[in-house]
1. Quick one: how many residues across region 8-53 are open to solvent by less than 40 Å² (accessible area, probe 1.4 Å), of a type in the set (D, E, K, R) and free of Cβ contacts under 8 Å to residues at least 24 places away in the same chain?
2. Given the conditions (1) open to solvent by 50 Å² or more (accessible area, probe 1.4 Å); (2) in contact (Cβ under 8 Å) with a residue 12 or more places away in the chain; (3) not aliphatic (A, V, I, L, M), report the number of the one that H115 does not fulfil.
3. What single numbered condition from (1) over 20 Å from H37 (Cβ atoms); (2) assigned to a loop (DSSP other than H, G, I, E, B); (3) among the hydrophobic types (A, V, I, L, M, F, W, C) fails to hold for V68?
4. Which one of T100, T142 is touching a strand residue (DSSP E or B) at 6+ places or on another chain (Cβ under 9 Å) and either under 18 Å from D75 (Cα atoms) or surrounded by 15 or more Cβ atoms within 10 Å (Cβ to Cβ) (or both)?
5. Within region 67-76, work out how many residues are surrounded by 11 or more Cβ atoms within 10 Å (Cβ to Cβ) and at pLDDT 80 or above.
6. Filter region 56-65 down to residues that are in a helix (DSSP H, G or I) and loosely packed, with under 11 Cβ neighbours inside 10 Å and give me whichever is modelled with the lowest pLDDT.
Amino acid sequence: MKRIQWKIRTLLIAVVIASIALGLFARERRRLLSRSHTIQAVEQLGGGFAYKRVSLNWFSNFMRWTGVPENAFRDTFKLAFEPTSSSADSVSDEAIAAITQNLSLFPEMEKVEYHDCPRITDATLDSFPDLHKLKTLEIRGTSITRNGLARLKQRFPELEITDDVK
């Protein structure tokens, strides 16, 4: 009887450990897929990301095998919106807000640029996420006002802002 109890206890411990590992795997996979979808959304709006390197190891190779695209593993340090004249109208506060809510998935982000996006207003700055490594925000050709920049500077006093706001 003791031998059976020991086997059941061991089996139960193994099931708990496997459940925890699979739960962590599923959470990380969802996060990586969200990163990939955000990258695709930015690219559809005419924006892009700059990368320092691609971090691939056994875990990322396994995740790629499960359907996570390689772009989700890149160490992103810059987000830039520089749409062509035909896509400039699609870059609006609403479109940026949908992307901005997922920028926390990119904790390594150091620089964000909005160039030639006339439909971006102070509302975009008001919904700007707290990115701990963000150092620089570059704004040109937008409808952002001095008041919007002042509010952003209050929230992020260390942020270096380059702009052409009049």
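The values are calculated or read from the model by the stated rules, or taken from the named source; none is laboratory data. Nothing here was measured: the structure is a model prediction, and the numbers come from that model. Virtual Cβ from ideal backbone geometry, glycine too; neighbours counted across all protein chains shown. Ligands, DNA and RNA are excluded from the accessible area calculation, which covers all protein heavy atoms including side chains. Shrake-Rupley method; radii C 1.70, N 1.55, O 1.52, S 1.80 Å.
1. Residues in region 8-53 being open to solvent by less than 40 Å² (accessible area, probe 1.4 Å), of a type in the set (D, E, K, R) and free of Cβ contacts under 8 Å to residues at least 24 places away in the same chain: 0 in total.
2. (1)
3. Result: V68 fails condition (1) only.
4. On the way: T100 fails: touching a strand residue (DSSP E or B) at 6+ places or on another chain (Cβ under 9 Å).
Just a single option satisfies the conditions, and that option is T142.
5. Narrowing region 67-76 to residues surrounded by 11 or more Cβ atoms within 10 Å (Cβ to Cβ): 68-76.
Checking the rest, the ones that are also at pLDDT 80 or above come to 68-69.
Summing the residues that are surrounded by 11 or more Cβ atoms within 10 Å (Cβ to Cβ) and at pLDDT 80 or above in region 67-76 gives 2.
6. Kept after step one, since they are in a helix (DSSP H, G or I), are these residues of region 56-65: 58-65.
From the residues that got through so far, the ones that are loosely packed, with under 11 Cβ neighbours inside 10 Å too are 58, 65.
Working: W58: 79, W65: 84.
Applying the filter and picking the extreme gives W58.
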